[in-house]
Amino acid sequence: MVYKSVKEFLNSESSINSIVVKGWVRTKRDNKHFCFLEINDGSCIKNLQVVADEGIEGYENIKNINTGASVNIYGDLIESLGKGQKWEVKANKIVLIGEADPEVYPLQKKRHSDEFLRQIAHLRPRTNKYGAIFRIRSEASFAVHNFFRERGFYYIHTPIITGSDCEGAGEMFRVTTLKEGEKITPEGLKDDFFGKAAYLTVSGQLNVENFACSLGKVYTFGPTFRAENSNTPKHASEFWMIEPEVAFATLKENMELAEDFVKYLISYLLKYSREDLELFFNFVDKGLEGKLNNVLDSSFERLEYRDAIKILEKSGKKFEFEVGYGKDLQTEHERYLTEEYFKKPVFVINYPKTIKPFYMYQNDDKKTVAAMDLLVPGVGELIGGSQREDRLDLLKKAINDLGMNEEDYWWYLELRKYGTVPHSGFGLGFERFLMFVTGVSNIRDVIPFPRTPKNLEF
Ligand code: 4AD
Ligand code: MG
């Protein structure tokens, strides 16, 4: 008995006698004396067709074998006479494992809206589109590790529970074992689990910087948490971020790394996830393949923040949010720059220090910091990063100017005290990247179980 996945059977070099395939029924077509079943087991987007003749073992259950039911099919893998597939299974026994009542099983139709499927996030990976998304997500994760490993980076597991606010934006979830009625006060916190305020991390950067300044080239890839109350299609409260950090690298090298990284991920997926990506090329965005190839073929723009502001001011566009030097760029501004003006990915660099976090390297003009945001079509900001402030006095000043507590960052400051080096890094939002590469327009649809404000089902 040969038990393999649908994917392996479909890629078989030859016919195989005596096989078993296990999966879920996608469709059933009944004829008088036989029936066709399409079986999917999640190993690939394609189904394996099964032909079952009346009278074979288990056929008496056929009326209960409906869309969504799980089955084991025994038989032979033979060349298919039908169009569209090379192999099919001629069954000699079918075993119904778990029924799915057609009166209530929610995935009956061929196509459902994304909004509907979000309400059944526990079942949506059984559809073609979501199966494809989560296989692509898996492949992309491996691509991330391959990219860095090929370049001599070490993978650092930075902590999820933290005492410091990396982005200084105060958008952190509290971690506590205090019970109802016990107060979160400076006094009360002394009795809390860690004896001080604790949070879920918004970024692994501060910790990974310590490892860059010891192992040289490092990255972290893990979940990050933000209690931003922004209900937008590109913000999630829990998302995954990839953060490389490189000792002795300046902003210029940081951009080169980011550009190589994005191109590598796309090329990798075009090679290893092509079958799944084709669904998005055909049904989500007809121009998507061209857009991805355009990214591979173009050299990303490098644009000073002040020039970005000038372009936006001269655009003649009516933006919802005002444009002006010293104001942060909004998604609509970002998308104009990358989609309409440059028509390719754009690094916006050297932002005013007033709109960026404390850790960024202060430029000689004393007004701007060596920041970089990578903007891409369809998404806007995909990457945020910078060269880091490596001068102890300037870093202390930035912390104090923002009213943050220097003592909380003593270990981070010591990097600048003992053998300080210029270093740089960035964070790529993994879900934003998946949106970009699939053309999916809502972040809730590229993460298995999305967490957003007032939404914690599943
Ligand atoms: O620009 P951000 O806030 O940068 C940092 O956290 C730095 N500490 C990274 C670093 O330099 N190591 O976030 C980085 C990226 C953004 O560009 C965006 O792609 C993504 O993370 N991101 C989010 N993705 C989904 N939902 C959210 N709420 C996000 N916030 C940021
Ligand atoms: Mg950012």
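Condition test on Lys366, is it within 14 Å of ligand 2 (Cβ to nearest atom), open to solvent by 30 Å² or more (accessible area, probe 1.4 Å) and assigned by TED's automatic domain parsing to the domain that holds Leu251? Outline the logic, then answer.
On the way: within 14 Å of ligand 2 (Cβ to nearest atom): no; open to solvent by 30 Å² or more (accessible area, probe 1.4 Å): yes; assigned by TED's automatic domain parsing to the domain that holds Leu251: yes.
No.
Select from segment 36-95 the residues that are of a type in the set (S, T, N, Q), within 29 Å of Ile136 (Cα to Cα) and touching an Asp or Glu at 6+ places or on another chain (Cβ under 6 Å) and list them in ascending order.
Once the filter is applied, which keeps residues that are of a type in the set (S, T, N, Q), within 29 Å of Ile136 (Cα to Cα) and touching an Asp or Glu at 6+ places or on another chain (Cβ under 6 Å), segment 36-95 yields Asn47, Gln49, Ser80.
For segment 245-256, what are the residues that are in contact (Cβ under 8 Å) with a residue 40 or more places away in the chain and assigned to a helix (DSSP H, G or I)? Give the derivation first.
Let us first name the residues in segment 245-256 that are in contact (Cβ under 8 Å) with a residue 40 or more places away in the chain, namely 245-251, 253-255.
Once the filter is applied, which keeps residues that are in contact (Cβ under 8 Å) with a residue 40 or more places away in the chain and assigned to a helix (DSSP H, G or I), segment 245-256 yields Leu251, Glu253, Asn254, Met255.
Hey, can you tell me all the residues within segment 139-161 that are more than 30 Å from Phe194 (Cα to Cα) and either under 18 Å from the mean Cα position of the chain (by Cα) or part of a helix (DSSP H, G or I) (or both)?
Glu139, Ala140, Ser141, Phe142, Ala143, Val144, His145, Asn146, Phe147, Phe148, Arg149, Glu150, listed by residue number.
Answer yes if at least one residue in segment 130-138 is of a type in the set (D, E, K, R), at pLDDT 95 or above and under 21 Å from the mean Cα position of the chain (by Cα), and no otherwise.
yes
Of the residues Val376, Val446, Val421, only one is open to solvent by less than 30 Å² (accessible area, probe 1.4 Å) and either out of contact with any helix residue (DSSP H, G or I) (no Cβ under 7 Å at 6 or more places or on another chain) or within 16 Å of ligand 2 (Cβ to nearest atom) (or both); which?
Sole residue among the options that is open to solvent by less than 30 Å² (accessible area, probe 1.4 Å) and either out of contact with any helix residue (DSSP H, G or I) (no Cβ under 7 Å at 6 or more places or on another chain) or within 16 Å of ligand 2 (Cβ to nearest atom) (or both): Val376.
Which residue pairs have Cβ atoms closer than 8 Å, lie 6 or more positions apart in sequence or on different chains, and pair a first residue in segment 155-174 that is acidic (Asp, Glu) with a second residue that is assigned to a strand (DSSP E or B) and open to solvent by less than 60 Å² (accessible area, probe 1.4 Å)?
Pairs found: Asp165/Tyr199.
Would it be correct to say that Arg432 is within 14 Å of ligand 1 (Cβ to nearest atom) and either of a type in the set (A, V, I, L, M) or not assigned by TED's automatic domain parsing to the domain that holds Arg135 (or both)?
Taking the combined requirement at face value, the residue does not satisfy it.
For the structure I just gave you, tell me whether Tyr351 is part of a helix (DSSP H, G or I), of a type in the set (Phe, Trp, Tyr) and under 28 Å from the mean Cα position of the chain (by Cα).
no
Which residue pairs have Cβ atoms under 8 Å apart, sit 6 or more places apart or on different chains, and have a first residue in segment 72-87 that is part of a loop (DSSP other than H, G, I, E, B) and a second that is open to solvent by 80 Å² or more (accessible area, probe 1.4 Å)?
What qualifies is Ser80/Lys86; Gln85/Lys46; Lys86/Glu79.
Within segment 124-138, is even one residue free of Cβ contacts under 8 Å to residues at least 60 places away in the same chain, in a helix (DSSP H, G or I) and of a type outside the set (D, E, K, R)? If you could, list the steps in order and put the result at the bottom.
From segment 124-138, those free of Cβ contacts under 8 Å to residues at least 60 places away in the same chain are 124, 127, 138; that's our starting set.
Next, only the ones that are in a helix (DSSP H, G or I) stay: 124, 138.
Restricting the remaining residues to those that are of a type outside the set (D, E, K, R) gives 138.
Yes, segment 124-138 contains a residue that is free of Cβ contacts under 8 Å to residues at least 60 places away in the same chain, in a helix (DSSP H, G or I) and of a type outside the set (D, E, K, R).
Check whether at least one residue in segment 276-287 is among the charged types (D, E, K, R), open to solvent by less than 20 Å² (accessible area, probe 1.4 Å) and not in a helix (DSSP H, G or I), and report yes or no.
From segment 276-287, those among the charged types (D, E, K, R) are 276, 278, 285-286; that's our starting set.
Right, trim to open to solvent by less than 20 Å² (accessible area, probe 1.4 Å) and you get 276.
Still in the list and also not in a helix (DSSP H, G or I): none.
No.
Quick check on segment 48-81: of everything there that is surrounded by fewer than 19 Cβ atoms within 10 Å (Cβ to Cβ) and small (Gly, Ala, Ser), which residue is nearest to Tyr105 (Cα to Cα)?
Ser70
Only one of (1) at pLDDT 95 or above; (2) touching a strand residue (DSSP E or B) at 6+ places or on another chain (Cβ under 8 Å); (3) open to solvent by 20 Å² or more (accessible area, probe 1.4 Å); (4) not hydroxyl-bearing (Ser, Thr, Tyr) is not met by Gly222, so which one is it?
Failed condition: (3).
Here's the yes/no breakdown for (1) among the small types (Gly, Ala, Ser); (2) in contact (Cβ under 8 Å) with a residue 24 or more places away in the chain; (3) under 26 Å from Arg137 (Cα atoms):
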position	(1), (2), (3)
Gly188	yes, no, no
Asp192	no, no, no
Phe221	no, yes, yes
Glu228	no, yes, yes
Asn231	no, yes, yes
Ser237	yes, yes, yes
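Just to be sure before I move on: is Pro352 away from ligand 1 (no atom under 12 Å from the Cβ), in contact with a Gly (Cβ under 8 Å, 6 or more places away or on another chain) and open to solvent by less than 30 Å² (accessible area, probe 1.4 Å) in the structure I sent?
Here the answer is yes, as Pro352 does meet what is asked.
May I ask you to list the residues in segment 309-341 that are touching a residue at least 40 places away in the same chain (Cβ under 8 Å), touching a helix residue (DSSP H, G or I) at 6+ places or on another chain (Cβ under 9 Å) and open to solvent by 40 Å² or more (accessible area, probe 1.4 Å)?
none
Checking Gly403 against (1) modelled with pLDDT of 95 or more; (2) on the phi > 0 side of the Ramachandran plot, which test does it fail?
Gly403 satisfies every listed condition except (1).
Considering every residue within segment 411-421, establish whether at least one is assigned by TED's automatic domain parsing to the domain that holds Ala249, on the phi < 0 side of the Ramachandran plot and within 12 Å of ligand 1 (Cβ to nearest atom).
no
Please determine, by comparing only the residues of segment 392-413 that are among the charged types (D, E, K, R) and surrounded by 14 or more Cβ atoms within 10 Å (Cβ to Cβ), which one is nearest to Ser203 (Cα to Cα). Walk me through how you get there before you give the answer.
Filtering segment 392-413 for residues among the charged types (D, E, K, R) gives 393, 396-397, 401, 406-408.
After this cut, where a residue has to be surrounded by 14 or more Cβ atoms within 10 Å (Cβ to Cβ) as well, the list is 396-397, 408.
On the way: Lys396: 20, Lys397: 22, Asp408: 16 Å.
Once the filter is applied, the top-ranked residue is Asp408.
The values are calculated or read from the model by the stated rules, or taken from the named source; none is laboratory data. Every value quoted in this text rests on a predicted model; they were computed, and no experiment measured them. As a convention, Cβ positions derive from the backbone with ideal geometry for all residues, glycine included, and neighbour counts pool all protein chains shown. Just the protein is used for accessible areas: all its heavy atoms, side chains included, with ligands, DNA and RNA removed. Shrake-Rupley method; radii C 1.70, N 1.55, O 1.52, S 1.80 Å.
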